[in-house]
Structures are given as structure tokens and as C-alpha cells.
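Undergrad: Take a look at the following structure, please.
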Amino acid sequence: MEYIKEILDKAMKTNVIHSIIVIIISFFIYKLIIRFFMKSEKNSAINKRLNNKSRTYIRLSHSILRYVFIILTVLILLQINGINVSSMLAGVGIASAIIGLAVQDALKDIIRGFSILSDQYFSVGDIIEYNGIIGKVTVIGLKSTKMKDILTDNIISVANRNIEQVAIVSDSLYLNFPMPYELPIDKSEKIVNSIIEKINEELEITNIEYKGVSELADSSIKYLIKITCSPEKKFQIKRDSYGIILRVLAENKIEIPYNQIDVHQK
């Protein structure tokens with residue numbers, strides 16, 4: 001008994017018991033929080049309301065929470081065992097500053113990655129534009145976002161810190177096309193309606209509408225139509241629509257106006 005008592009006294013003096021208690025309490029709290037997140041994610045009623053982005057955000061939160069608990073537990077253990085944590089942190093301050101400068105771009109990417117996920121800026125499957133390239137988002141990571149160019153199928157990686165340069169492509173497509181001044185406007189609008197009917201019949205679009213005269217150009221009147229369609233198919237819809245416009249104008253024996261230059265000689 002004396003031997004056991006001596007061991008316990010030494011353990012108390014070296015704060016072993018306190019350290020074990022801290023570890024147990026930290027582990028217990030961490031498990032409770034993680035269990036709450038896991039139950040929320042697995043609950044069918046909640047899971048139906050969660051999209052892929054929200055679930056990704058929850059899983060990332062799990063990972064961050066684990067590291068936070070590990071760091072806090074280690075700091076508490078050091079303090080209990082007589083190590084001045086404040087002095088230690090101050091001692092590594094210069095090294096931390098140097099490392100921080102070296103990895104600041106990576107940190108910006110990670111912070112922006114969380115912003116994309118939490119603020120729902122865009123999602124996998126959305127069509128975005130970056131540096132004049134329009135592509136479909138295939139992967140959203142913490143450091144970068146990958147997009148597939150819808151014209152060339154090239155994969156482009158965009159650093160998340162450049163998110164301000166990314167635009168989400170809308171489902172609206174505006175088309176201008178010219179008709180001659182000599183053609184009365186009522187007849188022109190009938191032809192426009194014929195073009196709208198053909199586009200609506202032949203192409204996979206959501207909606208199409210006539211927006212009116214858009215410009216009185218030098219040699220023609222330009223008419224504007226608005227097409228609503230899948231952003232991923234906008235380029236093909238645009239090409240097909242111009243083909244229909246040319247066909248309808250040809251059927252009505254209307255030549256597309258072009259710029260003319262009058263040359264006068266003395």
C-alpha cells in the first residue's frame with residue numbers, strides 16, 4: 001500500500017493525473033460534437049435539404065474541428081506541466097511570420113475556398129467565365145476550382161484567390177440581326193416573329209421573346225431577340241439560331257444589309 005501511495009503522490013506532483021483528465025474531457029467533448037454533426041448529416045429529413053456543397057462544408061468542418069481540438073489540448077497539457085505557452089508562442093513568432101509570408105497565397109486560396117462553399121458563389125455543374133474562357137465547374141477544392149472549357153474540353157484550374165475574376169454565366173442569350181431600311185417595320189416584325197417561331201420549334205430552349213429595335217445602324221435596322229436556354233448550350237444555340245435567321249431571310253428574299261462606301265469622282 002505504501003508503494004502504491006508513493007506512486008500516486010509522484011503522479012499528482014508531476015500532473016500526470018491532471019493531464020489524463022484533460023485528455024479524457026477533450027476527447028469526450030470532441031466525440032459529442034462530431035456525433036451531433038454525423039446524426040444531422042445522416043438524418044434523412046435533413047439530408048434531403050442538403051446539397052453536395054453543404055455536405056462538403058460539413059465534412060471540412062469536421063476536419064478543422066479535429067485539428068483545433070488537438071492543438072488546444074496540446075497547449076493545455078503544456079501549460080499544466082509547467083511549460084509557459086505564452087513564452088513559447090512568442091519565441092516562434094518570427095519563424096511563424098516567415099512561414100506565413102511564404103504560404104500567404106495558399107492561405108488566401110483556402111479562405112476563398114471556404115467562402116465559395118459557405119456563400120454558395122457557384123456549385124459543381126455551373127457554367128462560369130474566367131479570363132474569357134467559359135467552362136463548366138467540375139471540382140471545387142479548398143485551393144483551386146477546376147472548370148472544363150465548353151468549346152475545347154480543356155481543363156482549367158483557377159486559384160480560389162482569383163474568385164473576383166470569375167463570372168457566373170446566365171441563361172440569357174441576346175441576338176442582334178440586321179434588316180434593310182427599305183423594308184417596312186410591320187413586315188420586318190412579321191419576319192422576326194417567323195424567326196422566333198422557327199427557333200422555338202427547332203431548338204432546345206426555355207423561352208424566346210422579341211425585344212424590339214436595338215440600333216439604327218448606318219446601312220440597316222437591327223432587331224433584338226432574347227433566348228433563354230441552358231448556359232452550357234449557349235454557343236451551339238447561338239450558331240443554330242443564326243442559321244435559322246439566314247434561312248428565314250432567304251425564304252423571304254431579303255438580303256442582309258452590309259456597309260457600303262460611296263466614292264465620288266470629279
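The values are calculated or read from the model by the stated rules, or taken from the named source; none is laboratory data. Just so it is clear, the structure is predicted and the values come from calculations on it, not from any experiment. Using ideal geometry, Cβ is built from the backbone for each residue, glycine included, and neighbour counts are taken over all protein chains shown. Side chains included, ligands, DNA and RNA excluded: accessible areas come from the protein's heavy atoms. Shrake-Rupley method; radii C 1.70, N 1.55, O 1.52, S 1.80 Å.
Undergrad: Tell me yes or no: at least one residue of segment 175-194 is under 30 Å from SER123 (Cβ atoms), open to solvent by 70 Å² or more (accessible area, probe 1.4 Å) and not aliphatic (A, V, I, L, M).
TA: No: segment 175-194 contains no residue that is under 30 Å from SER123 (Cβ atoms), open to solvent by 70 Å² or more (accessible area, probe 1.4 Å) and not aliphatic (A, V, I, L, M).
Undergrad: Go through ILE245, ILE237 for me and flag whichever is closer than 24 Å to GLY135 by Cα and surrounded by 15 or more Cβ atoms within 10 Å (Cβ to Cβ).
TA: It is ILE237.
Undergrad: Among the residues of segment 217-253, which ones are at pLDDT below 90 and of a type in the set (A, V, I, L, M)?
TA: ALA217
Undergrad: Quick check on segment 128-143: of everything there that is open to solvent by 30 Å² or more (accessible area, probe 1.4 Å) and among the aliphatic types (A, V, I, L, M), which residue is modelled with the lowest pLDDT?
TA: LEU142
Undergrad: Pick from segment 144-162 the residues that are over 15 Å from VAL124 (Cα atoms) and either modelled with pLDDT of 90 or more or not hydroxyl-bearing (Ser, Thr, Tyr) (or both): which of them is surrounded by the most Cβ atoms within 10 Å (Cβ to Cβ)? If you could, list the steps in order and put the result at the bottom.
TA: Residues of segment 144-162 over 15 Å from VAL124 (Cα atoms): 151-154, 159, 161-162.
Going one step further and asking which of them are either modelled with pLDDT of 90 or more or not hydroxyl-bearing (Ser, Thr, Tyr) (or both), we end up with 151, 153-154, 159, 161-162.
Numbers: LEU151: 9, ASP153: 9, ASN154: 11, ALA159: 16, ARG161: 19, ASN162: 15.
Only one residue fits best here, namely ARG161.
Undergrad: Could you list, in sequence order, all residues of segment 121-156 that are without any contact (Cβ under 8 Å) to a residue 24 or more places away in the chain and in a loop (DSSP other than H, G, I, E, B)?
TA: GLY125, GLY132, THR152, ASP153, ASN154
Undergrad: Can you go through ILE208, ILE227 and tell me which one is more than 29 Å from ASN131 (Cβ to Cβ), open to solvent by less than 90 Å² (accessible area, probe 1.4 Å) and in contact (Cβ under 8 Å) with a residue 12 or more places away in the chain?
TA: After ruling out the rest, the residue left standing is ILE208.
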